[in-house]
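Working notes for the structure below.
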Number of protein chains: 2
Amino acid sequence: MKSKKNKATKGEMELLEVLWKLGSSTVRQVHDILNEQTQGKEKSYTTTLKFMQNMLEKKLVSREIIDNKHLYQATISEKESLNEKISKIVENTFQGSPGNLVLQILGNHKTSTEELQKIREYLDEIDTNQQPKK
Amino acid sequence: MKSKKNKATKGEMELLEVLWKLGSSTVRQVHDILNEQTQGKEKSYTTTLKFMQNMLEKKLVSREIIDNKHLYQATISEKESLNEKISKIVENTFQGSPGNLVLQILGNHKTSTEELQKIREYLDEIDTNQQPKK
DNA sequence: ATTTTTCTACGATTTATTTCGTAGGAAGAT
DNA sequence: ATCTTCCTACGAAATAAATCGTAGAAAAAT
């Protein structure tokens, strides 16, 4: 009866990102990646472990035991999470217009000719699929 | 000599968003908007004030006194902030390819025909400006 | 010129998040 | 089988973020 928010904190997001890269993995694997990409102060193994446990509790990850090892994986996909983020940006900053966000991206982030071409093709595709009202 | 991180917290981000909407404004104005768009538990005025003061300290906002009133405004623009956010997404999730992010957006967020048309026009424009190699 | 209202500064409290130490169990090596 | 090593669970400490109360100054109202 209590569907809590269970939103990931900033720190938990970092763990999720590692899980998205690695897929199903052990605490050890996640911890190693995390400390590898962190310059400076190492964090202790139990810190990462605790994060995983908290996130399990919050249902941000699921866990299965395979071959006597605890394997964790994200319960939300990278795309889902991204789409939520994008929706929020579109609402907040572009009055609900994804197209304007796209224009903003194209205008401010160098995009190769090939990429632009792919976008064009995508637009054409939509076009032909949408116009078949003869 | 010390260029601290001074990254905004989630709560501070909310204030920034209000400042972006309102432009230069008083604590009172920001506080009213904030509590207006919040359902449930009102926060006290001094909470908002404290946020502003902290953010001033962190250089997230600047302050000027006009007509005996403290006016605050964001030191980073909404677009700048957005571009940083986008860059991070592009790096993290799209291997540095903004085009793929665009495709992801177009594929998952309903976009009106007019918007699509504007994107097409934008692409064409780039094209003509880019091909004038003879 | 009092009184009332509104504001800022500041410190303290509360709550959330992050970090780690310790204890005990299982797996692997000697 | 004993000794290491690596693991989990758990609680507690440390740090960060958010919230609020009080005091006194300034402005507005009476």
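I'd like the full set of residues that are part of a loop (DSSP other than H, G, I, E, B) and either within 8 Å of DNA strand C (Cβ to nearest atom) or open to solvent by 100 Å² or more (accessible area, probe 1.4 Å) (or both), limited to segment A:53-69.
Scanning segment A:53-69 gives A:Lys59, A:Asp67, A:Asn68.
Select, from B:Lys50, B:Lys110, B:Lys41, the only residue that is in a loop (DSSP other than H, G, I, E, B), assigned by TED's automatic domain parsing to the domain that holds B:Lys21 and either charged (D, E, K, R) or open to solvent by less than 50 Å² (accessible area, probe 1.4 Å) (or both).
Checking each option against the conditions leaves just B:Lys41.
Contact list please: Cβ distance under 7 Å, first residue in segment B:25-43 and at pLDDT below 95, second residue assigned to a loop (DSSP other than H, G, I, E, B) and away from DNA strand C (no atom under 11 Å from the Cβ), pairs at least six apart or on different chains.
Taking only residues 6 or more apart or on different chains, the pairs are B:Asn35/B:Glu42; B:Asn35/B:Lys43.
How about segment B:35-59: which of its residues are within 11 Å of DNA strand D (Cβ to nearest atom) and under 16 Å from the mean Cα position of the chain (by Cα)?
Across segment B:35-59, the qualifying residue is only B:Met55.
Would you call B:Leu123 over 27 Å from A:Met13 (Cα atoms), away from chain A (no Cβ under 11 Å), part of a helix (DSSP H, G or I) and not aromatic (Phe, Trp, Tyr)?
no
Quick check on A:Glu12: is it of a type in the set (D, E, K, R), touching a residue at least 40 places away in the same chain (Cβ under 8 Å), within 14 Å of chain B (Cβ to nearest Cβ) and within 24 Å of B:Ile86 (Cα to Cα)?
For A:Glu12, the condition - of a type in the set (D, E, K, R), touching a residue at least 40 places away in the same chain (Cβ under 8 Å), within 14 Å of chain B (Cβ to nearest Cβ) and within 24 Å of B:Ile86 (Cα to Cα) - is met.
For segment A:59-90, which residues satisfy the criterion of being more than 7 Å from chain B (Cβ to nearest Cβ), closer than 18 Å to B:Pro98 by Cα and in contact (Cβ under 8 Å) with a residue 40 or more places away in the chain?
Result: A:Ser81, single match.
Just checking, how many residues over segment A:85-107 are closer than 14 Å to B:Arg120 by Cβ and loosely packed, with under 13 Cβ neighbours inside 10 Å?
Qualifying residue count for the region: 0.
Testing B:Glu80 on (1) open to solvent by less than 70 Å² (accessible area, probe 1.4 Å); (2) within 29 Å of A:His109 (Cα to Cα), one condition comes back false. Which one is that?
B:Glu80 satisfies every listed condition except (1).
So in segment A:1-33, with the set limited to residues that are over 18 Å from B:Ile89 (Cα atoms) and away from DNA strand D (no atom under 13 Å from the Cβ), which one is surrounded by the most Cβ atoms within 10 Å (Cβ to Cβ)?
A:Ile33
The values are calculated or read from the model by the stated rules, or taken from the named source; none is laboratory data. Remember, predicted model here, so these are calculated numbers, not experimental data. Reconstructed Cβ throughout: ideal geometry from the backbone, glycine too, with neighbour counts over all protein chains shown. In case anyone asks, the SASA skips ligands and DNA or RNA and just uses the protein heavy atoms, side chains included. Shrake-Rupley method; radii C 1.70, N 1.55, O 1.52, S 1.80 Å.
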